[in-house]
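Have a look at the structure below before the remarks.
The values are calculated or read from the model by the stated rules, or taken from the named source; none is laboratory data. Here the structure is a predicted model, which is why all the values come from computation and not from measurement. We place every Cβ from the backbone using ideal geometry, glycine too, and count neighbours over all the protein chains shown. Remember, those area values only see protein heavy atoms, side chains included, never the ligands or the DNA or RNA. Shrake-Rupley method; radii C 1.70, N 1.55, O 1.52, S 1.80 Å.
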Amino acid sequence: MKPDELPLLEIFNSLRQRHGLPLGVEEYLMVVRSLQVGFGVESRQELEQLCCTFWAKSNDESRLIRRLFEQMWKQIDATPSHFLQGSYRRETAIHPITDVDVIITTKSDHSSESTSSSELEEPPSLTLEMDEPVQVVQAVRHSRRDNELERPRYSLLTEYFPVTKRQMKQSWRYLRRPVREGTATELDVEATVEKMGREGFLLEPVLVPPRTNRTDLVLMIDQEGSMVPFHALSRQLVDTAERGGRLRQTRVFYFHDYADEYLYRHPALLNAQPIGEVLAEVGERAVVLIVSDAGAARGNFDLERVKWTQEWIERLQQSVRYTAWLNPMPNESWLHTTAGEIARFVPMFEMNCQGMNAAINVLRGRYVSWEMMYSWLI
C-alpha cells in the first residue's frame, strides 16, 4: 500500500509532527484495523470518536483531533461532488458514497485531474489491504505532506525519546504518600453510616480532612564530564518533577561523579552545602532519586569511585526513606563497568519509561527483587 492510499494519514502525521503527540505506528494500525472490521464508518462523528479513543490521552488532545477533522470536512464539502465520486460510478449503484467512504477509500492527493481514462475504469476497492504491517510502518515513516516543501526539511527535537515529558509527569504522579490534613471537608461514608446505625438517626455527617501528597523528593544529579550529553535530560526531569509532579516538596542538588563532602544547589556546581547538613534538612521521610551514568558512558571501571559511592549510598540509606538510581545509559552498557558494580548495592534502572516507573516503585516502598533488577548481570 502506497503512503497516499493510507486512510487518515494526513491527520495522523499532523498530530505527530506538528503538534507533538507521542503516537507510533501501533496507534495508527489500531484505527486502521478498527475501520477494517466496520467501526467508525457509519458517520463523521463515529470516525472522529474512534480516532479520539486511540490517539487522545486528554480532553485537549480530543479537541485538537476534532478541530483537524473539522478542517478536513470543510475541504471535502468544498470539493465538487462529481469530482469525489467520478471514479466510483460502479459503487454508487449498490453502496451510496458517504464522507467516511471518501476518507477511507480515496487517495489523499486530490490533484489528479489528469487521471487517465484507464485508471477511472478500475475503481479502487472499498477494503483495506493491511496484510503487511511492515509496508504500513514504512509508509508512515516516509510519507510526505503536500506542504512539506514549505517547511524546513529538518527540525530540532527537544524530546528525549526513551522517556518523554508526558511520560515523566505521569510517572511522578504515582509517587504519592497521601495524608489527611487540614479542615474537615470530605464525607466519610463508612463512619457516617456507622454513626447513623448506632444512633438510629443522622443529625450531621462525619467529615474528614482531604488527602494531600506529603512526599518530599530529593533529586541528586551528576553534572559535567560524561554527563554533559544528558544535561538536557536532567533539566527535563527536574522541570517535570517541580511543575507536574504534584509533590509536597522537590529539592535539587548536584554533584560530580559522586558526593564526597558537599552537594551543590546550582548545576554549575556552585553554592556548596555539606552533605550532612543536606540530609538533616530534608528529613528522614524524604526519598532520594540519583541521576548519573555511574561511569558507564566511558565504559571503564574505577574501584575508587565504587568505594566512595558505596559509602555515600550507605549514608543516604541511613538518613532517608528510600533511594533509587536512574542511569541514562542502556543497561547492557553497564556490564564490566563502574555502573555494573554500583548497581549491586543500590536499585539502578535505565532511564526510559519502564525504568522510571520501576524507580518510582522503589521510592514508594515497593519491593523489587535483586534477581529481577540485575538478571542481566548474571
Item to check | Members of the range 213-229 found to be under 19 Å from Leu363 (Cα atoms), open to solvent by 10 Å² or more (accessible area, probe 1.4 Å) and either of a type in the set (Phe, Trp, Tyr) or touching a Gly at 6+ places or on another chain (Cβ under 8 Å) (or both), listed by number | outcome: Asp216
Item to check | Exclusive hit being open to solvent by 40 Å² or more (accessible area, probe 1.4 Å) and closer than 23 Å to Asn361 by Cβ, set Glu284, Glu304 | outcome: Glu284
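For the range 340-357, which residues satisfy the criterion of being within 12 Å of Leu326 (Cβ to Cβ) and not polar (S, T, N, Q)?
Listed by number, the residues that qualify are Ala343, Val346, Pro347, Met348, Phe349, Glu350, Met351, Cys353, Gly355, Met356.
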Checklist entry - Considering the range 163-207 alone, what residues qualify as being of a type in the set (A, V, I, L, M) and open to solvent by less than 60 Å² (accessible area, probe 1.4 Å)? => result Val163, Met168, Leu175, Val179, Ala184, Ala191, Val206
Checklist entry - Would it be correct to say that Leu270 is more than 25 Å from Met168 (Cα to Cα) and surrounded by 19 or more Cβ atoms within 10 Å (Cβ to Cβ)? => result no
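Kindly indicate whether Arg315 is surrounded by fewer than 15 Cβ atoms within 10 Å (Cβ to Cβ), assigned to a helix (DSSP H, G or I) and either out of contact with any strand residue (DSSP E or B) (no Cβ under 7 Å at 6 or more places or on another chain) or among the basic types (Lys, Arg) (or both). Show your work before the answer.
Working: surrounded by fewer than 15 Cβ atoms within 10 Å (Cβ to Cβ): yes; assigned to a helix (DSSP H, G or I): yes; either out of contact with any strand residue (DSSP E or B) (no Cβ under 7 Å at 6 or more places or on another chain) or among the basic types (Lys, Arg) (or both): yes.
Taking the combined requirement at face value, the residue satisfies it.
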Checklist entry - Could you say whether any residue in the range 16-39 is hydroxyl-bearing (Ser, Thr, Tyr), in contact with a Gly (Cβ under 8 Å, 6 or more places away or on another chain) and under 28 Å from Gln167 (Cβ atoms)? => result yes
Next on the checklist: Show the residue pairs meeting these rules: Cβ distance below 6 Å; 6+ apart or different chains; first residue within the range 335-360 and over 26 Å from Leu303 (Cα atoms); second residue surrounded by 20 or more Cβ atoms within 10 Å (Cβ to Cβ) and at pLDDT below 90.
Outcome noted: Asn352/Val163; Cys353/Val163; Met356/Val163; Met356/Ser171; Asn357/Ser171; Ile360/Ser171; Ile360/Leu175
